[in-house]
């Protein structure tokens, strides 16, 4: 059908950024998606969103990047989006200890609300403020190792390592999708409920397909 | 109940069961049917007929009466009019207060008197107090503010070190204030006194209401108030009044925000089932993207000058205690055709909604919102969920006393 030609990308990936308030989540996204850095920031209310078309290994990836508010209060809203994310970037601020301490709390959130096997990257942001650094690279790396996730130190302002971090995450998701271990979208919980629904209404079940471009709502 | 909520969220795409119940008819078809128009229909001006670009009035189980054409907005409330509502001793009678609210709803407030009139709208000044009483009360409020401000200003370092919640909220305030409306002249400079005032007020509000504390979004609401008041104490008490109206939105459970989004969903389902169904097919009918609209009353979607007009309308509570829902519906209705592009997917819909920021025509949307609200309000048996949303019976549209 015409649908395939309408689509200008091979895969749709959904990413989400989380972490304490004011660690630079929105700035990282602006740097990655629009290559810009604004000095007059605004805080994110609830949830925000950016799109980015990105190519890895000749594959066009449409990235849907969800930006979340850092204040705990809005977790009930953002939890809805954890379920859909295939990749999560957890951010702390290397100049503020408490944002690093809270990383474990955010990891627990991801465990509670995210998909099993969701790809996670840990970012220590604001390396441009080296003189104010409170968390050493070694500490960040150690925490990432403990949780078996990749770690980057970035500066959204000076454009250090930002694309690298997003690329790594996209690579991981792509590898998973291509190996058939995951789909463009969907979580175990959504899959389960979809199966239940199909049991109730005997329609041809959209069986799990290894690829991701075969149309249907998952694109 | 959570069950039906889940049904709405994860609605299977293929269902057609609702379709049969829904008969979609255009406005023109219905008008001749002469159903239950409660208020007198206005004479449609040429510009009004333009607005009926896509007025699908739908009978969801025969619930919606015909939509009346939008009423043009009135000029803003003038100083003379405002004075005419006040007695010689400064009081505003209950009857005049009602007229005043209807009047502000229909045309908002002239900028030259906003500073005074907002104090009433936001509950800082009592309508039923005389000028003398009001001056006394204002002095008392000033003292109270100073007391509360002193409380946090006089914390000893050790006290702060032993007070985690305060530290957390204080940091959040400081981080947010320097991210609030910095593109607006008033707050542009790092050393602007207004930034300091925003901080002071929000920190003092933490002392005033420790249970609620500071929640992200509050600084966005306060900055507009401060821009009008240009005074720390007055801004604080106006902000308190605003929070008294809308604190539910910021409560920890977020239940109220979820309820509002659910209500918006139901309103859309009733008023435009076709578009609701379309959003469902695109996995977008949970309307979570309206969260920002509804939390801070479209603060991020309009310039200050428009926000003032819009918020005054909301604060009158004239037709509805939650008028922002109808305003949100007006935006959705206005944009629905642009979003019903067959090539659109979930991302495109969100991107479109996000792109609306600072690109919306306020007056037209306000007129549309009133039409929608009156239409919903004219329904005989509203679903229970929607009943609290409209005053029953709806007050008639405001008319100037001279124009019979």
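Computed from the coordinates by the stated procedures, all read-outs in this text should not be read as laboratory data. Just so you know, these numbers come straight off a predicted model, no measurement behind them. Cβ: placed from backbone, ideal geometry, glycine included. Neighbour counts: every protein chain shown.
Could you tell me the calculated FRET efficiency between residue B:168 and residue B:399, based on Cβ-Cβ distance and R0 = 41 angstrom, to the nearest 0.05? Rounded to the nearest 0.05, the efficiency is 0.20. Given their separation in residues at 0.36 nm each and the Cα-Cα distance between them, residue B:344 and residue B:359 gain 3.4 nm when the chain is fully extended.
Built from the Cα atoms of segment A:8-210, the convex hull projects on average onto 12.2 nm², one quarter of its surface area.
What is the distance in Å between the Cα centroid of segment A:103-135 and that of segment B:226-267? That distance is 31 Å.
Dividing the mean sequence gap of close Cα pairs (under 8 Å, 6+ apart) by how many residues segment A:79-168 holds gives a relative contact order of 30 percent. Site pair residue B:142 and residue B:161 shows an inter-label distance of 3.9 nm when each label is modelled 7 Å from Cα along Cα→Cβ.
Distance from a point 7 Å along Cα→Cβ of residue B:304 to each backbone N in segment B:200-223: keep the residues under 12 Å and list them by number. Answer for segment B:200-223: B:223. Shape summary of segment A:124-172, radius of gyration then Dmax from alpha carbon positions: 11.3, 33 Å. Taking the average, over residues, of other Cβ atoms within 10 Å as the packing measure, peptides A:54-67, B:225-238 rank B:225-238, A:54-67 from highest down. The label point for residue A:145 and the one for residue B:185, both projected 7 Å from the Cα toward the Cβ, are 5.7 nm apart. Cα centroids of segment B:126-187 and segment B:339-404: 35 Å apart.
Take every pair of alpha-carbon atoms less than 8 Å apart whose residues are at least six positions apart; their mean separation over the length of segment B:197-344 yields a relative contact order of 20 percent.
Taking each residue as 0.36 nm, the span from residue B:196 to residue B:392 lengthens on full extension beyond its C-alpha to C-alpha distance by 66.2 nm.
Looking only at segment A:8-210, where both bridge partners belong to it, what percent of the DSSP beta bridges are antiparallel (to the nearest 5)? For segment A:8-210, the DSSP antiparallel bridge percentage is about 30. Note: relative contact order over segment A:8-210, using C-alpha pairs below 8 Å and six or more positions apart, is 23 percent.
Using the Cβ-Cβ distance between residue B:98 and residue B:212 with R0 = 35 Å, the FRET efficiency computed as 1/(1 + (r/R0)^6) comes to roughly 0.70. Between residue A:101 and residue A:80, the simple label model (points 7 Å from Cα in the Cβ direction) yields a spacing of 3.2 nm.
Based on the Cβ-Cβ distance of residue B:274 and residue B:381, what FRET efficiency does E = 1/(1 + (r/R0)^6) give at R0 = 22 Å, to the nearest 0.05? That gives a FRET efficiency of 0.45.
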